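**Student:** Below are the structure tokens for one structure; questions will follow.
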Amino acid sequence: MSSEDAFTQQFKISGGDFGKAGVVSTKVKEILQEIGIDPSIIRRAAIAIYEAEMNIVMYAESATLTLHITPDIAQFKFEDKGQGIENIEMAMQEGFSTATDEMREMGFGAGMGLPNIKRNADKLNIISHPGVGTSLDIIFCLNQKK
Amino acid sequence: MQLKEIKELLCAEIICGEDRLDIEIRFAGGSDLMSDVLAFGKPGILLLTGLSNAQSVRTADIIEAKAIVYVRGKKPTEEGVTLATKRHIPILSTNYMMYKACGILYSHGLSGVSDSQDSEGL
């Protein structure tokens, strides 16, 4: 990828659609592989994106994911409309969860989502307005291995 | 350990990926919690799980698992089989429960994911 090159693509994610949960992550992973991103970065990115997508399916009404790739970074910006996060500090703690039984039956809702995203990302910014929605900005540096 | 040996040890049925039974499996992990699998799974893992919905296959794909074994006689959904076939992830199904399936494989020398890496694992 030359320095002028940048790639941007947007995806829609529907809240509550458990049947399609993970479809966007799988698609994004394929795109990253096609672009030729380092496999170790793809692995970390795929986990972070998948967790974020599951969070949207579980807690939000709808969302957009904007994928932006430059020679230096891969940025994944999730902007959802939904209940938002009351206490981000609590939500970042492993094991803290407000999941329903249905979410747990899907194998999620164990309070690992945001900590997992943070663990894998090079940079994570969360802005949330309770009752309005959440914006999650996940960034991976492409010129260094974690 | 080859996947076909795992199939024999667990008296398992092949759901898909019959042509990949000769792949080599070096370590395994078992969990029904996909968040745990995402947190502690490693590429190349054999995933044993009792969660047989499409999310288990997606999770296996995301962490680059080599194969999936469903325990307690669970069978995947049609969507799960389609995805696994597309992503070349063989699926086996055993009637053994999680504890017994893991115990058999471990006692035959298949390491846990935590033994094969320097970090915590399933």
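The values are calculated or read from the model by the stated rules, or taken from the named source; none is laboratory data. Quick caveat, the model's predicted, so the values are computed rather than measured. Quick reminder, even Gly has a Cβ in these numbers, built from the backbone with ideal geometry, and neighbours come from all protein chains shown.
**Student:** How about the stretch A:48-145: which strands (runs of 3 or more DSSP E) wholly inside it have at least 1 residues that are basic (K, R)?
**Tutor:** Working: elements: A:60-69, A:73-82, A:123-129, A:133-141.
Filter on the stretch A:48-145 gives A:73-82, A:123-129.
**Student:** What residue, of B:K42, B:K74, B:K4, is assigned to a helix (DSSP H, G or I), surrounded by fewer than 22 Cβ atoms within 10 Å (Cβ to Cβ) and either touching a helix residue (DSSP H, G or I) at 6+ places or on another chain (Cβ under 6 Å) or among the basic types (K, R) (or both)? Break it down stepwise before answering.
**Tutor:** Values: B:K42 fails: assigned to a helix (DSSP H, G or I); B:K74 fails: assigned to a helix (DSSP H, G or I).
Answer to the check: B:K4.
**Student:** Given the criteria modelled with pLDDT of 90 or more and in contact with a Lys or Arg (Cβ under 9 Å, 6 or more places away or on another chain), does A:S135 qualify?
**Tutor:** Values: modelled with pLDDT of 90 or more: yes; in contact with a Lys or Arg (Cβ under 9 Å, 6 or more places away or on another chain): yes.
In short, yes.
**Student:** Please specify each residue of the stretch B:52-86 satisfying the condition of being more than 8 Å from chain A (Cβ to nearest Cβ) and of a type in the set (K, R).
**Tutor:** B:K66, B:R72, B:K74, B:K75, B:K86
**Student:** State the number of residues belonging to the stretch A:18-36 that are over 30 Å from A:A99 (Cα atoms) and surrounded by 19 or more Cβ atoms within 10 Å (Cβ to Cβ).
**Tutor:** We begin by selecting, within the stretch A:18-36, every residue over 30 Å from A:A99 (Cα atoms); these are A:31-36.
Subset that is surrounded by 19 or more Cβ atoms within 10 Å (Cβ to Cβ): A:32.
Number of matching residues: 1.
**Student:** Run B:L21 past the list (1) touching a Leu at 6+ places or on another chain (Cβ under 8 Å); (2) buried (at least 19 other Cβ atoms within 10 Å of the Cβ) and report the number of the one that doesn't hold.
**Tutor:** (2)
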